[in-house]
Amino acid sequence: MSQDPPFIVRKVAVLGAGVMGAQIAAHLVNADVETILFELAAKEGAPAGTAPPSAVDPNANVQKAVENLKKLEPSPLSVASRASYIRQANYDQNLELLQDCDIVIEAISERMDWKADLYRKVAPYLSELTIFASNTSGLSIKRLAQAFPENIRHRFCGVHFFNPPRYMHLVELIPCDSTDPQLLNQLENFLVTTLGKGVIRAKDTPNFIANRVGSFGMLATIHYTRQFGLGFDVVDALTGPLIGRPKSATYRTADVVGLDTFAHVINTMRDTLPDDPWHKYYEVPAWLKSLIDKGALGQKTKAGVYRKLGKDIHVLDLAKGGYRLSDGVADEEVRQIVKNKNVQEKFAQLRANPHPQAQFLWAIFREAFHYCAVHLESIADNARDVDLALRWGFGWERGPFEIWQAAGWSQIANWINEDIAAGKTMASAPLPEWVLEAGRTGVHGPKGSYSPAQKTIKPRSMLPVYRRQLFPDLLLGEERKYGETIIETDAVRMWHTGDDIAIVSFKSKMHTIGDDVLEGVLQAVEEAERSYQGLVFWQTEPPFSLGANLTKMGGAKSGGKPSAFGAMLKKFTRTASSLVLKAAHKLHVADALMAGKLAQVEAMVAQFQETTQALKYSTIPTVAAVDGMALGGGCEFLMHCDRAVATLESYIGLVEAGVGLLPAGGGCKEFALRAVMDAKGGNAFPFLQKYFEAVAMTQVGKSAEHAKEIGYLRGCDKVVMNRFELLHVAKAEARALAEAGYRPPLKAANIPAAGKSAIATFKMAMTNMLEGGFISEHDYLIGSKIAHVLCGGDVEPGSLVDEQWFLDLEREAFIELLATEKTQARIEYTLKTGKPLRN
């Protein structure tokens with residue numbers, strides 16, 4: 001029986017080069033998709049009485065948009081050079097280019113009339129097999145579809161990316177009445193694997209799922225801010241990471257989004273949801289309207305709810321009628337309640353505590369639960385879709401239904417009903433009957449999530465693309481077992497999923513590498529060589545590894561613990577040096593080093609080197625599956641595996657120089673070898689110079705593709721767009737190597753060292769920087785040690801050495817730097833403050 005040919009996406013067009021359109025185009029080229037970006041043609045013209053204008057490039061508008069992509073932070077491009085792959089076009093001259101596009105994404109302004117006009121203009125140029133999708137954030141898909149000829153209306157749907165498209169996991173997929181179901185499946189496959197997105201199918205209701213619930217949550221927060229007399233900065237202190245939401249919390253988020261944009265969303269809800277029980281709250285507050293009228297639109301105008309004066313952040317104070325220094329904090333008693341890990345106790349205490357901040361938090365949670373329960377059936381297929389939409393689109397750690405379920409379903413429902421009866425809620429709409437069903441303990445379970453419309457539990461999607469996600473994003477109530485254990489220690493677990501590829505996961509905090517991890521890895525390599533075809537290193541959660549836990553290796557106990565590194569990741573605008581120094585905080589170098597136990601440390605470094613060499617020369621293929629940060633020793637681990645498979649959002653670097661050290665787990669050695677291989681028998685110095693800069697300047701890749709440019713990843717290493725497909729691809733890589741008759745590489749025994757003349761060249765450049773005041777004397781010493789190792793030491797140029805020679809140089813230089821007072825001062829200062837010390 002014949003089957004439909006597979007849907008292959010070769011080319012995509014994006015209509016509209018505004019903020020979203022240009023960034024969607026950027027992410028398409030990040031994913032190696034041939035992309036055409038359309039914008040209005042630039043027009044010639046000159047004011048009356050002036051000289052005739054010079055010829056204007058019709059693509060000037062789209063050119064400007066593409067150039068702006070290179071300036072944005074966080075960058076929408078995986079590497080800046082990707083911008084050159086975006087083909088530029090305009091509607092006046094280039095509509096015929098649409099004819100061979102497999103997908104066309106419309107991303108112009110949120111005006112129904114403008115969109116309809118554009119649809120009528122481009123429809124004659126579309127292939128009968130083209131998928132046409134609107135990136136509207138909330139307009140009716142059914143109404144938009146009316147602008148299409150009826151014969152191609154079944155190829156139309158909504159596809160709502162979240163801003164910024166590279167980083168936000170969520171894409172909402174919305175059909176119109178006539179959308180071909182197979183088209184939705186095809187588009188979902190493309191979005192999930194090729195673009196790395198988490199797809200939620202939403203119903204065609206205003207603002208769909210995430211914006212509907214998220215925007216209501218902000219309106220409820222505004223309402224209760226006023227009711228409980230709280231400052232905007234106090235509310236942001238309460239509604240950010242303290243309750244599992246982004247650091248921007250509520251009012252900072254509004255400033256980032258744009259106060260005018262937020263007002264537009266509110267007005268859309270007011271105009272399109274007249275029968276909503278919460279409709280009377282869909283109004284722009286007077287203070288917000290006043291700010292907009294003054295042109296204070298938030299971050300883009302440098303003033304909104306917040307504004308920066310010098311180095312200080314000021315916040316709008318409605319009572320004073322102006323701005324004041326932002327110093328709001330959460331009350332300590334309320335903080336302790338929120339930190340209670342017993343969720344049921346936490347909510348009981350919030351509801352009972354008379355403190356305004358506690359009552360405020362109970363109120364905003366209650367409103368979210370109430371709103372989601374009432375609207376679930378109309379906006380989503382099931383509760384899972386709501387929770388994942390808020391997690392993926394708004395950065396919540398847990399969705400509203402997950403929080404409710406954890407807090408005790410029946411008790412929360414009873415309290416909501418009591419508050420409705422007492423007139424404390426924003427709306428008097430009763431909870432739906434399904435919420436109060438006898439025996440209900442929540443909406444999520446091992447078999448799926450509840451669907452009010454179908455009155456049943458809905459399992460996760462069975463589309464073939466999800467077979468690639470061995471462990472999808474876990475919801476509260478779902479069960480998960482990470483395969484069958486082979487070996488388990490306090491530091492590592494070796495396991496399998498029923499096949500011949502073994503997996504190793506670290507159990508240490510932030511997956512730092514101590515002597516216990518090293519011992520476990522060596523044990524795992526031995527077992528894999530005996531019984532398995534390949535070995536994959538994969539962590540159940542990012543990061544991959546923040547490097548060497550030198551305290552653990554040295555046998556001492558530290559009084560401190562690694563602090564969370566996730567907040568830093570969200571600040572992509574920080575420089576590499578800031579990344580490095582915060583990463584150094586995770587190196588966890590402590591008492592053993594400061595006590596001068598250098599012999600212990602040297603033994604630990606030797607053990608680290610032994611482990612990385614074991615990864616490189618194992619008789620079975622080793623694959624590092626990298627997601628998030630792989631810094632310091634974590635980077636050295638992946639550099640020694642036969643392959644690295646990294647998600648696009650992997651941040652990889654050798655960062656040891658940031659605290660006065662150098663890579664000593666084989667990282668310098670690998671760069672020296674790669675320089676020789678890159679030179680192909682020629683002069684290796686230009687390549688050594690590139691790698692020297694990476695190590696000495698503590699360069700951290702801003703994406704996996706950037707890590708390839710720097711040299712941490714090789715050309716043969718793979719980049720995966722969807723982090724939930726990472727393990728599947730890594731296992732496939734290991735199996736492919738095994739099936740090809742894998743043999744470990746031969747040990748290099750005759751490596752030509754660049755020698756002392758190359759070292760002198762590096763030192764000359766650093767001397768100029770030292771005399772110019774760009775580096776300190778200790779920076780010069782660190783750089784000299786790095787050059788010494790990379791160049792093979794004080795030997796004649798071309799002297800033949802082996803890998804062990806470089807490893808010995810690494811280890812010696814590491815210990816020499818560690819013995820200096822200035823490196824110890826840098827380590828101690830960074831551990832205490834998280835800030836750099838340039839001494």
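The values are calculated or read from the model by the stated rules, or taken from the named source; none is laboratory data. Remember, it's a predicted structure, so these values are computed and weren't measured experimentally. When we count neighbours, we look across all protein chains shown, and the Cβ atoms used for this are built from the backbone with ideal geometry, even at glycine. Surface accessibility is based on the protein's heavy atoms, side chains included, excluding ligands, DNA and RNA. Shrake-Rupley method; radii C 1.70, N 1.55, O 1.52, S 1.80 Å.
Observations
- In Å², nearest 10: area of T441 left accessible to a 1.4 Å probe: 110
- Additional length obtainable on full extension of the chain from I8 to N750, 0.36 nm per residue less Cα span: 262.4 nm
- Computed over neighbours whose Cβ is under 12 Å from that of E602, the net charge equals -2, Lys and Arg +1, Asp and Glu -1.
- Hull shadow area, averaged, segment 742-839 [alpha-carbon convex hull, nm²]: 8.5
- Under 9 Å, Cβ to Cβ, from R201 - net charge with Lys/Arg +1 and Asp/Glu -1: -3
- Across segment 381-387, coupling constants 3J(HN,Hα) worked out from phi with the 6.51/-1.76/1.60 Karplus curve, θ = phi - 60°, read 6, 7, 5, 4, 5, 5, 5 Hz, and Gly and Pro carry x.
- In percent, rounded to a whole number, the relative contact order of the chain is 8, using alpha-carbon pairs under 8 Å and six or more apart.
- Karplus-derived 3J(HN,Hα) values for segment 14-30, using 6.51 cos²θ - 1.76 cosθ + 1.60 with θ = phi - 60°, are 10, 9, x, 9, x, 4, 7, x, 5, 6, 5, 4, 4, 6, 5, 6, 4 Hz; glycine and proline are entered as x.
- The calculated FRET efficiency for the pair K424 and T489, based on their C-beta separation and a Förster distance of 41 Å, comes to about 0.20.
- For segment 258-365, size of Cβ-based charge dipole, Lys and Arg +1, Asp and Glu -1, in debye: 400
- Accessible surface calculations at 1.4 Å, restricted to protein heavy atoms, place segment 702-826 at 46 Å² per residue.
- Value of [θ]222 nm, deg cm²/dmol, for the chain, DSSP H segments ≥ 4, -39500 (n - 2.57) each, nearest 500: -12500 deg cm²/dmol
- Listed residues M697, F724, G773: farthest to the positive end of the dipole of segment 696-791 (Cβ charges): F724
- Karplus (6.51, -1.76, 1.60) ³J(HN,Hα), θ = phi - 60°, over segment 474-480, in Hz, Gly and Pro reported as x: 7, 9, 4, x, 7, 9, 9
- Simple Cβ-charge dipole of segment 702-818, Lys/Arg +1 and Asp/Glu -1, about Cα centre, in debye nearest 20: 540
- Taking trypsin sites (Lys or Arg not before Pro) across segment 205-261, the ones in a DSSP loop with at most 16 further Cβ atoms lying within 10 angstrom of their Cβ are K247.
- Counting only protein heavy atoms and a probe of 1.4 Å, the accessible surface of the chain is 52% carbon and sulfur.
- Counting only DSSP beta bridges with both residues in the chain, the antiparallel share comes to about 40 percent.
- Sorting K785, K597 by solvent-accessible area of protein heavy atoms yields K597, K785, largest first, with a 1.4 Å probe.
- Farthest positive-ward along the chain dipole, Cα basis, beta-carbon charges - from L191, L173, G741: L173
- Ranked by how many other beta carbons lie within 10 Å on average, peptides 484-490, 78-84, 20-26 from highest: 20-26, 78-84, 484-490
- Proximal lysines to K424, defined as alpha-carbon separation beneath 25 angstrom and excluding residues fewer than eight positions away on the same chain: K280, K346
- Charge sum, other residues only, whose C-beta stays under 14 Å from L118's C-beta, Lys/Arg counted +1 and Asp/Glu -1: -2
- Straight-distance crosslink candidates among lysines, where the alpha carbon sits under 18 Å from K455 and sequence neighbours closer than 8 are dropped: K203, K447
- Dipole magnitude of the chain, debye to nearest 20 (Cβ charges: Lys/Arg +1, Asp/Glu -1, about Cα centre): 1380
- Cα lying deepest toward the dipole's positive end in segment 353-403, options L390, A368, P354, charges on Cβ: P354
- Using only the C-alpha atoms, the convex hull of the chain corresponds to 209 Å³ per residue.
- Building the convex hull from the alpha-carbon atoms of segment 208-269 and averaging its projection over directions returns 4.2 nm².
- For segment 757-839, the number of Lys pairs with C-alpha atoms closer than 22 Å, counting only pairs eight or more positions apart or on separate chains, is 5.
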